[in-house]
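Enquirer: One structure, as structure tokens, below. Some questions next.
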Amino acid sequence: MTHIINNKWRCIPLPLTGTRGVECRTPGQTGTAGVDYKVVFTFVNNITNCGSAGTTGGSVVPGPLANQCTENLTGIPNAQCTTVTLNGVVDAAGNNGPVSAVMGVLVGDVNASGVVTSGDTNLCKAQALQTVTNSNFRDDINASGAITTGDVNIIKQNALTQLPTPP
């Protein structure tokens, strides 16, 4: 399983098969200076070597758990799908090789439909002034810890932006 991690460890699943995961929040809100997004790869076994980043703008660190590796990303463009790859990962059982997941980035796409519409704006407006929780964190577009008109404005600025059709 792979996840995009943003501020406060709220994550978006990146399934290895099926519907792509879409990160809708603005870059740079990870709590780590110079890191736009964090993608955490989770494995069955503990990892002995996380290998290296196979993604332009990526760097790899172990953890946060013993069976995870995190790829820190910078310079990932909006309205694009990016394949995030770890090269040379080795687990405690001796399994090794590259692993990849596709990450869609579409700032403002609260409902992960692949296009930013008034539906995203309406979803965000409905959560305005609510406490950010695990069920509404996607509405906190700027990952400030509060759902406000600032988030709505970011969605409006990205209206009609869309991801390319998946391969």
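The values are calculated or read from the model by the stated rules, or taken from the named source; none is laboratory data. These numbers were taken from a predicted model, which means no experiment stands behind them. Note that we place each Cβ from the backbone using ideal geometry, even for glycine, and neighbour counts take in every protein chain shown. These area figures cover heavy atoms from the full protein model, side chains too; ligands, DNA and RNA do not enter into them. Shrake-Rupley method; radii C 1.70, N 1.55, O 1.52, S 1.80 Å.
Enquirer: Can you tell me how many residues in the stretch 28-51 are hydroxyl-bearing (Ser, Thr, Tyr), in a strand (DSSP E or B) and surrounded by fewer than 21 Cβ atoms within 10 Å (Cβ to Cβ)?
Expert: The number of residues fulfilling the criteria is 2.
Enquirer: Would you please name the residue that is farthest from ARG25 (Cα to Cα), looking only at residues in the stretch 99-112 that are of a type outside the set (A, V, I, L, M, F, W, C) and touching a residue at least 40 places away in the same chain (Cβ under 8 Å)?
Expert: SER100
Enquirer: Is there any pair linking a residue in the stretch 19-39 that is under 17 Å from GLY104 (Cβ atoms) and free of Cβ contacts under 8 Å to residues at least 40 places away in the same chain to one that is of a type in the set (D, E, K, R) and open to solvent by less than 30 Å² (accessible area, probe 1.4 Å), with Cβ under 8 Å and at least six apart or on different chains, and which?
Expert: LYS38/GLU71
Enquirer: Could you please find all residues in the stretch 14-73 being over 10 Å from the mean Cα position of the chain (by Cα), modelled with pLDDT of 90 or more and charged (D, E, K, R)?
Expert: Result: GLU71, single match.
Enquirer: Keeping to the stretch 11-27, report how many residues are aliphatic (A, V, I, L, M) and in a loop (DSSP other than H, G, I, E, B).
Expert: Count: 1.
Enquirer: Still on this structure, I have one more. For the stretch 79-98, name all the residues that are surrounded by 15 or more Cβ atoms within 10 Å (Cβ to Cβ) and in contact (Cβ under 8 Å) with a residue 60 or more places away in the chain.
Expert: Across the stretch 79-98, the qualifying residues are ALA79, CYS81, VAL84.
Enquirer: Moving on. Restricting to the stretch 139-167, give me the number of residues that are among the charged types (D, E, K, R) and either open to solvent by 40 Å² or more (accessible area, probe 1.4 Å) or without any contact (Cβ under 8 Å) to a residue 12 or more places away in the chain (or both).
Expert: Of the residues in that region, 1 qualify.
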